[in-house]
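Have a look at the structure below before the remarks.
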């Protein structure tokens, strides 16, 4: 079951509806809209319905979840939302759907007409398999399985990356410095865009009034430009806040840059930073970072599971990372962010992560994240997921970890809850490795 209890909006649901949730997202200018996907891959929406962003076919608010029939049976792999709001959703087959506000063509369907129901976004994406989508305030970015980036929508600051400031009505491939690069993830601030390549480089473009592009110099950039200050490190993850950004390296180091009005950079002051600066250097290895384009809040999770937050937190400005009692970064945004939106599509377990690991170009990225996040408590669950999805390299890593921590692992609930055949196979394999010798 999805842990959505910290978001008040979900208190409207019955216990039966709550138990059916596999993925969820709270969004909107006041966090008054929500979408969720069930274990049967049915998509439901409820809430205020500003700009028809629920996609339910009409403009009425609803406290009762309504099904988006055209998405019935389609497994969702990525979802993002803008400030209008507009919503974009990617299915497992690589199809892209959009609905809601469209005043700047941010839905990518070639019009500026508001859409009350999901529409397929296909222009220039035929024969392309989309694997991730990211939304800024009024622009949109899609990443394909081949590592290509497409963007469209509002372009007043060059955030579409087309080389001009004209709005882009349909998806257009972002070229320039990205032309011969393989991109593995994308992220958007309000009016800025970031891309991470398979070799750990970061490129940025769009509005740069607060230094959020990390380039060390002023002025907007209409095409992608590599962040040179990060060239000596390998970046695994980048997230964007309203006007700031965070980056995580393969060694668990954390960098921040951009606007700092609320202390969202975690540097101990409120001065903007036009180039990346390392923060939390005295802490243990970081395994996850979080930010959202509609907030000034930042969060990070360490290897041991400690969750920190900083920036705008319920009206206060926290300038130094503050240790919370939470176990995940999602809870930070539920309890501290303004508005209390979700920074990502909230997924309910290891199998969703394993699916991403095995099925798209984020394979290498997810491998690093999973390996760095393995613990005694989750090791056997990760091993089971790796076996199920034929992730051989991850399976070997998890197996070795379990054998090396055999006594502790066999005392966890995950070990004894696993399928009997899986348990038997593990015992036989571990025995062949000499794990049970005196």
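Structural remarks
- In region 357-370, residue modelled with the highest pLDDT [restricted to those that are surrounded by fewer than 20 Cβ atoms within 10 Å (Cβ to Cβ) and closer than 23 Å to residue 419 by Cβ]: 359
- Residue selected from region 279-300 under the condition assigned to a loop (DSSP other than H, G, I, E, B) and in contact (Cβ under 8 Å) with a residue 60 or more places away in the chain, by the criterion surrounded by the fewest Cβ atoms within 10 Å (Cβ to Cβ): 285
- Residue match in region 13-28 (condition: touching a strand residue (DSSP E or B) at 6+ places or on another chain (Cβ under 9 Å), surrounded by fewer than 17 Cβ atoms within 10 Å (Cβ to Cβ), at pLDDT below 95 and assigned by TED's automatic domain parsing to the domain that holds residue 330): yes
- Residues (surrounded by 20 or more Cβ atoms within 10 Å (Cβ to Cβ) and within 15 Å of the chain's Cα centre (by Cα)) located in region 314-344: 329, 330, 332, 333, 341, 342, 343
- Any hit, region 55-70, residues being in the same structural domain as residue 131 (by TED's automatic domain parsing), assigned to a helix (DSSP H, G or I) and modelled with pLDDT of 95 or more: yes
- Members of region 218-228 found to be touching a residue at least 60 places away in the same chain (Cβ under 8 Å) and not in a strand (DSSP E or B), listed by number: 220
- Residue identified as farther than 28 Å from residue 127 by Cα and in contact (Cβ under 8 Å) with a residue 24 or more places away in the chain among 211, 200, 176, 153: 211
- Tally of residues being at pLDDT 95 or above and farther than 17 Å from residue 164 by Cβ across region 198-232: 17
- Qualifying residues in region 407-436 (those that are assigned to a helix (DSSP H, G or I) and surrounded by 15 or more Cβ atoms within 10 Å (Cβ to Cβ)) - the one farthest from the chain's Cα centre (by Cα): 430
- Residue check for residue 75: in the same structural domain as residue 191 (by TED's automatic domain parsing) and either surrounded by fewer than 16 Cβ atoms within 10 Å (Cβ to Cβ) or within 14 Å of residue 142 (Cβ to Cβ) (or both): yes
- Picking from residues in region 29-41 that are within 16 Å of residue 78 (Cα to Cα) and not in a strand (DSSP E or B), the one that is modelled with the highest pLDDT is 41.
- Those strands (runs of 3 or more DSSP E) of region 229-278 in which at least 2 residues are over 25 Å from residue 339 (Cβ atoms), considering only elements entirely within it, cover 235-240.
- Summed over region 160-195, the residues that are within 13 Å of residue 225 (Cβ to Cβ) and surrounded by 23 or more Cβ atoms within 10 Å (Cβ to Cβ) give a count of 6.
- In region 118-135, the residues that are more than 15 Å from residue 169 (Cα to Cα) and either within 24 Å of the chain's Cα centre (by Cα) or buried (at least 24 other Cβ atoms within 10 Å of the Cβ) (or both): 118, 128, 129, 130, 131, 132, 133, 134
- Within region 110-151, the set of residues being in contact with a strand residue (DSSP E or B) (Cβ under 9 Å, 6 or more places away or on another chain) and on the phi > 0 side of the Ramachandran plot comprises 110, 124, 147.
- Residue 317 vs. criteria assigned to a loop (DSSP other than H, G, I, E, B) and either at pLDDT 95 or above or in contact with a helix residue (DSSP H, G or I) (Cβ under 6 Å, 6 or more places away or on another chain) (or both): no
- Boolean, residue 140 is surrounded by 24 or more Cβ atoms within 10 Å (Cβ to Cβ), touching a residue at least 40 places away in the same chain (Cβ under 8 Å) and under 14 Å from residue 55 (Cα atoms): no
- Subset of region 394-406 [over 29 Å from the mean Cα position of the chain (by Cα) and in contact (Cβ under 8 Å) with a residue 12 or more places away in the chain]: 403, 405, 406
- Residue check, residue 44 closer than 20 Å to residue 135 by Cα and either in the same structural domain as residue 294 (by TED's automatic domain parsing) or part of a loop (DSSP other than H, G, I, E, B) (or both): no
The values are calculated or read from the model by the stated rules, or taken from the named source; none is laboratory data. Note that the coordinates shown come from a computational prediction; the quantities given were computed from them, not determined experimentally. A quick note on method: Cβ atoms are made from the backbone with ideal geometry, for glycine too, and the neighbour counts reach across all protein chains shown.
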